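Q: Okay, here's the structure, questions in a sec.
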Amino acid sequence: MPPGIVGLLCGGLSTRMGRKKELMPFRGRPLLSVAAGCLSSLGYTVYLLSSGSDAEAVSQATGGRFRVLVDAHDLRTPLNGLRSLLEEVPPGDCAFLLGGDSPVVDPRLIEDSLRLCRRGFQAVLPLWRGGRVDPVHGAYSRSIRDLLDGVLRSGDPSFAGLLREAGSVAFLEAERYGLALGDADTRMEFTLLESLYNGRACAGERF
């Protein structure tokens with residue numbers, strides 16, 4: 001079986017950054033291009049998940065190398081991107097959802113998450129010490145698609161609403177994977193991440 005499917009979320013507003021961070025230059029290339037190229041080089045099928053208004057810029061950032069899946073709903077929620085991604089997943093399989101601003105990805109986290117998901121969990125999420133969970137990074141089963149539709153129509157179109165309805169969720173100890181999901185929400189964090197990045201981080205080598 002090929003490594004699997006990864007969807008990169010590119011529809012956020014980046015309000016804390018002040019501009020769309022996935023498109024910002026990172027080591028001379030758009031950050032999104034670095035993240036997508038990393039995953040593609042490891043054998044993953046990569047999709048870019050975008051709102052309609054950002055789709056052209058997102059495609060151009062990667063030179064048109066990757067297919068852009070446009071949100072089907074007007075709501076500004078990453079659940080839109082997840083819904084579009086699951087349309088591309090074969091029955092019985094799973095996909096990994098990842099922020100498009102994450103150039104540091106340990107593939108072991110993706111592999112382990114997808115493996116658990118394929119065993120029957122509807123979602124597999126990294127869990128940090130202290131109980132922090134970020135559902136924007138995680139594996140999701142195609143079987144959750146109908147449930148996701150209901151949440152998108154509800155008054156609470158959020159990951160919290162989705163996970164409350166999910167029948168089976170597993171968690172992985174995030175610290176096992178080092179700095180597996182390096183991303184940046186401010187210009188200072190962005191500059192620090194850019195200076196630390198060694199070009200090999202996407203292959204699982206730590207800083």
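Residues checked against (1) outside any loop (DSSP other than H, G, I, E, B); (2) buried (at least 17 other Cβ atoms within 10 Å of the Cβ):
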position: CYS117; (1), (2): yes, yes
position: GLY131; (1), (2): no, no
position: VAL151; (1), (2): yes, yes
position: ALA160; (1), (2): yes, no
position: ALA170; (1), (2): yes, yes
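Q: May I pose another question? Take the range 128-150 and flag every residue that is more than 22 Å from LEU48 (Cβ to Cβ), among the hydrophobic types (A, V, I, L, M, F, W, C) and modelled with pLDDT of 90 or more.
A: LEU147
Q: If I ask for residues that are at pLDDT below 90, surrounded by fewer than 18 Cβ atoms within 10 Å (Cβ to Cβ) and of a type in the set (Val, Ile, Thr), which ones from the range 8-65 would you list?
A: Within the range 8-65, just THR15 meets the criteria.
Q: Confirm whether ARG76 is in contact with a helix residue (DSSP H, G or I) (Cβ under 6 Å, 6 or more places away or on another chain), under 28 Å from ALA61 (Cα atoms) and not hydrophobic (A, V, I, L, M, F, W, C).
A: It is false that ARG76 is in contact with a helix residue (DSSP H, G or I) (Cβ under 6 Å, 6 or more places away or on another chain), under 28 Å from ALA61 (Cα atoms) and not hydrophobic (A, V, I, L, M, F, W, C).
The values are calculated or read from the model by the stated rules, or taken from the named source; none is laboratory data. All of these numbers come straight from a predicted model, not from anything done at the bench. Cβ sites come from the backbone with ideal geometry, for glycine too, and all protein chains shown count toward neighbours.
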